[in-house]
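Reviewing the structure listed below.
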Amino acid sequence: MLELALKNILRYKVRSLLTIAGIGIGIGLIIALGSIGAGISLEAGKVAKDFAGVIHVTSLESNISQETIEKIKKIGGVQYVIAIPAYYSSGANSDPEAAGSSTQTVFSFNAIDPKDQDYVVKKEVKAKRGRKLIESDNGEEVALVGSDAAKYYHLGLGGSMPYYSLSYEGDTPIETEYDFTVVGIIEATGDYKTDSLILVPLSTMQTIEPDQAITEVIVGATDIKNVEKVTADINKKVAGVSASDDIGSIRESEKYLGQINQAIMFLGIISALSGALGLANTMVMSVMERRREIGVLKALGAANSTVLAQVMEESAILSILGWVLGFGLGWIPKLFVLRYAHFDPIITPDLLMITFGLALTIGIFAGIYPAWKAAKLDPVEVLKYE
Amino acid sequence: MSEGTIVTEKLSKGYNIGKRSEFYALKDVDMRVEKGELVAITGPSGSGKSTLLNLISCLDTPTTGRVFLEGVDVGKLSEGQRARIRREKIGFVFQQFNLMKSMTAYENVELPMKLLGLHNKERHERVKNLLETVGLENKGNNKANELSGGEQQRIAIARSLANQPKIILADEPTGNLDKKSGENIINLLLYLNKKENKTIVIITHDPGIATKCLRVIRIEDGRII
């Protein structure tokens, strides 16, 4: 009797459409909010991953010695240790001709051990032209630069990058220029952190600026799961430093994000439930209006179960059509509203399956009472009155 | 042996009105309709004619007494079993036609066959023949409410014949029709009775119709007189 159910839906087109819209908006809201939640979670997870494995070690004394760094490297679970003092070349940055615009972009000299060059932005850097830094660059005035930095300073391979060191003789400032030869340009990635890198050997910078102390090093753990243990070990085994990680606050923010997602889904479900009430109302009305028809159907010998099934089918069809509409509406944030957002909403198969299940459940539950009313109609009573 | 027969024994139907008093719409009705008989049931409004028909057609259950359809005591059957009897053994013709308005004439005739679970091919064959029988083979695709009253009632008769029942029950089949259409309907019922040997019970006010039937049962105040 699926045909009869479809006929009834088509008979009252406007009412059916409004009912479908009610469910569709609810389901669409769940899909939209769910996809936004999934998108934000994924993006937050990526960001968290960048920070999660990282331990900051700060000096409790005047500086962190090379000896201390070696000690930290020997602790189990440590993948790398980078001492990255940032040297700002005042001369280069303030050169208006080089800047070419009024916006002052700051590029910093990251002084690193060439061994650690892939850990600075936590991904392997690739030289598009020239080469990466090598062990023998230690003590040499050479640089590996990111694509944005190269563009900004008009640098090509073999070009010269000035660094102005400021020292004082009494009260007189003395500026000494050092020229770093560009040995490699990093392949553009679209990621600001990579593209704006300027990597120079740590030992070179330590020679140029002997007074600049290393007060902080960044330690990477081999596995995010070990971060807390590594932090504790550094604090326990290495004297003169204090280690801390962000894993606690990352877990905390993941928890909040989860709670926000739950609250959002709760709102979506409430909206879908109000659609369900609309559907129940439509079905009650529909059965009331068709009392006579249902009576005739029963008089012709339709079993109660047939009448029940027919009304339930009608309710389920409306609800599933509502899901189809909701499926369409759910793409709106992804395709239009949040097209240029920093995250991409994700419509997962899970989300579709859950909402489809919800729509079917709504259809069945909203149909139960009207279907039961229809099945219980007494044909004698119904057919007696015109 | 008992195919097409209708028998009632001391059939009564009472309704509670108020707390203690009971009103009997039908009281101790003994009636026997043989296979192939054409019987008219007449009587004034509220005399119990429709109540009798509802009991015979398994739409309603007796307060006391029994109804045998083709030898089966239908009062003892469950609701589902009675629905099945309506589906398989009885054709019903209503005063108001009661066609499904959203369906075509064809679909209306087909409906009881669907309820019975007949296959598409057989349904198509039967509907075609039935539309011919009632002379509306050209109106199959018309919506029920596009047909005249007389045509609607003819479709309703075709529908009552859908599952090839031996018994046709008609409640004031001409009550909503003009004289000429009414005559056509009665002639159709007479034809079905003669040619196909259907047992037909017609409830009617119309003395003209009653005279065309071989037997007339008159009911007053719930009793056969």
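Computed from the coordinates by the stated procedures, all read-outs in this text should not be read as laboratory data. What you see is a predicted model; the values in this text were computed from it and never measured. Every residue, glycine among them, receives a Cβ derived from its backbone with ideal geometry; neighbour counts consider all protein chains shown.
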If only Cα atoms are counted, what is the Rg of segment A:53-245, and what is its Dmax, in Å?
17.6, 52
Students often get this wrong, so check it: of B:Lys35/B:Lys195; B:Lys180/B:Lys212; B:Lys27/B:Lys194; B:Lys139/B:Lys195; B:Lys35/B:Lys212, which have C-alpha atoms separated by over 20 Å?
B:Lys27/B:Lys194; B:Lys139/B:Lys195
Straight distance only, please: which lysines reach the Cα of A:Lys74 with their own Cα at less than 29 Å, same-chain residues fewer than 8 apart left out?
A:Lys46, A:Lys49, A:Lys115, A:Lys122, A:Lys123, A:Lys126, A:Lys132, A:Lys193, A:Lys225, A:Lys229, A:Lys236, A:Lys237
Which whole-number percentage describes the relative contact order of chain A, with Cα contacts under 8 Å and a sequence gap of 6 or more?
31
Give me the distance between the Cα centres of segment A:8-79 and segment B:152-225, rounded to whole Å.
76
Once label points are set 7 Å from the Cα along Cα→Cβ at both A:Leu60 and B:Gln164, what is their separation, rounded to one decimal in nm?
10.2
So for segment B:33-107, averaging the separation of alpha carbon pairs under 8 Å that are six or more residues apart and normalising by length, what relative contact order in percent results?
18
May I ask for the longest run of chain A untouched by trypsin sites (Lys or Arg not before Pro) that are loop-located per DSSP and have at most 13 neighbouring C-beta atoms (other than their own) within 10 Å?
A:132-338
For chain B, with +1 on Lys and Arg beta carbons and -1 on Asp and Glu, the positive-most of B:Asn184, B:Pro44, B:Cys58 along the dipole
B:Cys58
Tilt, helix B:120-133 to longest principal axis of chain B (alpha-carbon atoms), in degrees rounded to tens, equals 80
Over segment A:53-245, what is the mean sequence separation of C-alpha contacts under 8 Å (at least six apart), divided by residue count, expressed as relative contact order in percent?
38
Taking H as built 1.01 Å from N, whose amide H comes closer than 5 Å to the amide H of A:Phe180, not counting residues under 5 places away?
A:Met161, A:Tyr163
To the nearest 20 debye, the protein assembly as shown has a Cα-centred charge dipole, built from +1 on Lys and Arg Cβ and -1 on Asp and Glu Cβ, of 5700
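Where the only charges are on Cβ atoms (+1 Lys, Arg; -1 Asp, Glu), what is the dipole of chain B about its Cα centre, to the nearest 20 debye? Spell out each step's value before the answer.
On the way: 35 positive and 28 negative charges, 51 e Å.
In total the dipole reaches around 240 debye.
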Mean-square fluctuation check for chain B, GNM, Cα pairs under 10 Å: which of B:Leu131, B:Leu177, B:Leu214 is largest?
B:Leu214
Select from A:Ala232, A:Tyr163, A:Ala150 the residue farthest towards the positive end of the dipole of segment A:53-245; place +1 on Cβ of Lys and Arg, -1 on Cβ of Asp and Glu, and compute about the Cα centre.
A:Ala232
Charge dipole magnitude, Cβ of K and R +1, D and E -1 - segment A:53-245, Cα centre, debye nearest 20:
1020
Relative to the compact globular guide of 2.2 N^0.38 Å, what is the alpha carbon radius of gyration of segment A:206-311, as a ratio?
2.60
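How large is the convex hull of the Cα atoms of segment A:330-386 per residue, expressed in Å³ as a whole number? It would help to have the intermediate numbers written out before the result.
On the way: hull volume 6.5 nm³, N = 57.
Each residue corresponds to 114 Å³ of Cα convex hull volume.
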In whole angstrom, the spacing between the Cα centers of segment B:40-64 and segment A:180-212 equals 103
On a 0 to 90° scale, report how tilted helix B:149-160 is relative to the longest principal axis of chain B, with both axes built from alpha carbons and the result rounded to the nearest 10.
80
Using the Kirkwood radius built from alpha carbon pairs, what does the Stokes-Einstein equation give as D for the protein assembly as shown at 4 °C and 1.567 mPa s, in µm² per second?
40
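Other chains' Cβ within 10 Å of A:301-310 residues: what's the mean?
Working: counts 17, 7, 9, 3, 2, 4, 1, 0, 0, 0.
For peptide A:301-310, the averaged partner shielding equals 4.
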Under-5 Å amide H pairs with B:Val216, H placed in peptide plane, nonlocal only:
B:Ala40
